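A short worksheet on the structure shown next.
Please treat every number below as a calculation from the coordinates, not as lab data. Keep in mind that this is a model prediction, so the values were computed, not measured. Glycine also receives a Cβ, built like all others from the backbone with ideal geometry; neighbour counts cover every protein chain displayed.
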Amino acid sequence: MDDRTNYFKIGLFIISATVLATLTITILGGGTVFQKTMTVETYFEESVQGLDAGSPVNFRGVKIGKIAEISLARREYATEANYVLVRMALYPDAFPAKTGESAGEGVAAEVKKGLRCRLTILGLTGTARLEADYLPPESHPPLKIDWQPHYPYIPSVSSTITRLNEALDRIMRALEKINIPAMAATFENALGLLSKASEEFDLKGVRGETELLLAELRNTNGRLNEILRGKEMESILRNGSAMVTAGRSIVEDSKMPLQKFQTALLDTSESIDGLAKKLTAVSEGLPENLAGLQRTLRRLDAFLVNQQQEIEGILSNIRVISENFKEVSENAKQYPSQLIFGTPPPPPKRESTP
């Protein structure tokens with residue numbers, strides 16, 4: 001009986017410890033132990049030192065999952081690329097898909113918008129985590145892969161430490177190309193030439209010329225003051241004021257003629273406006289007048305064609321009359337009495353006597 005009691009107590013203790021451990025893990029895990037996750041993967045061309053399975057995955061500082069597996073891409077896929085494969089277990093609400101889309105399609109849509117993963121080092125401890133964020137797709141293209149990923153793929157970008165190291169390497173390589181001894185020698189030569197030029201420079205002569213220039217400026221300034229204070233300048237100013245007064249009176253006197261000219265110009269413009277309207281009206285009726293004139297010309301042409309023979313006879317008669325008139329006028333010049341009295345009758349014929 002005692003053995004059974006002991007077994008019962010031992011079993012009850014084991015069960016209680018198991019339940020207590022499960023509750024502890026659930027509470028400490030923030031309820032993520034039994035939460036569903038979505039597996040995605042990414043690839044790195046750099047070292048992922050400090051990143052381990054279970055490391056957090058954040059999106060702008062908010063935890064959205066954890067690292068599930070770290071391996072080499074050539075172990076999972078038939079490729080020669082030396083990429084590091086990192087698979088993540090993300091919460092389904094991290095990048096929710098639209099209605100009718102699968103989880104993979106939702107991630108692919110976010111990738112097109114610029115979703116990228118970046119390795120971030122935490123302080124001086126050397127531990128790392130993944131940070132997801134949206135970056136310009138044009139300046140952060142994904143790595144080239146020659147296989148079809150088994151899970152939704154989120155491209156990666158170089159970490160800040162890697163970019164800083166690359167920048168430092170470029171700077172160091174540029175510094176190595178600089179010939180510092182030659183630059184130092186050139187600088188020393190330049191200093192020597194400058195020192196020699198300063199020694200040869202005539203500072204005393206420049207100072208003397210500067211003093212002469214200042215003295216001339218003082219003399220010029222004094223003469224200008226004398227001119228401005230003289231009587232001639234006062235008379236010039238008085239004459240100027242008188243000229244201004246005269247100009248003002250001329251402007252005032254010309255106001256009335258200008259107003260009359262403006263009125264006359266307005267009347268002229270109105271007359272021109274009326275004339276333009278009349279010309280417009282005449283031009284509007286001009287096509288009808290031209291059409292009537294064309295009809296008249298056609299009728300006259302038809303009349304001339306029909307009366308062509310009669311017109312030719314009339315012209316022939318006129319030609320005969322003009323020739324007769326010409327003969328009459330010539331006879332009148334030679335025998336004017338004949339035109340007045342006519343020609344005498346012919347003399348009678350005499351009969352012959354036997």
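Quick notes on this structure:
- Here the range 35-158 is treated with +1 on each Lys and Arg Cβ and -1 on each Asp and Glu Cβ, and its dipole about the Cα centre works out to around 280 debye.
- Neighbourhood net charge (14 Å Cβ-Cβ; Lys/Arg +1, Asp/Glu -1) for Val48: -3
- Across Lys66/Lys112; Lys112/Lys177; Lys98/Lys144; Lys63/Lys113; Lys66/Lys144, pairs whose alpha-carbon gap is larger than 32 Å: Lys112/Lys177
- For the range 35-158, the spread of Cα coordinates along the three principal axes comes to 42, 33, 31 Å, biggest extent given first.
- Where trypsin sites (Lys or Arg not before Pro) fall in DSSP loop in the range 140-199, at most 16 other Cβ within 10 Å: Lys144
- Distant-in-sequence amide contacts of Gly65, defined by a placed amide H-H separation under 5 Å and a gap of 5 or more residues or a different chain, comprise Val57, Tyr91.
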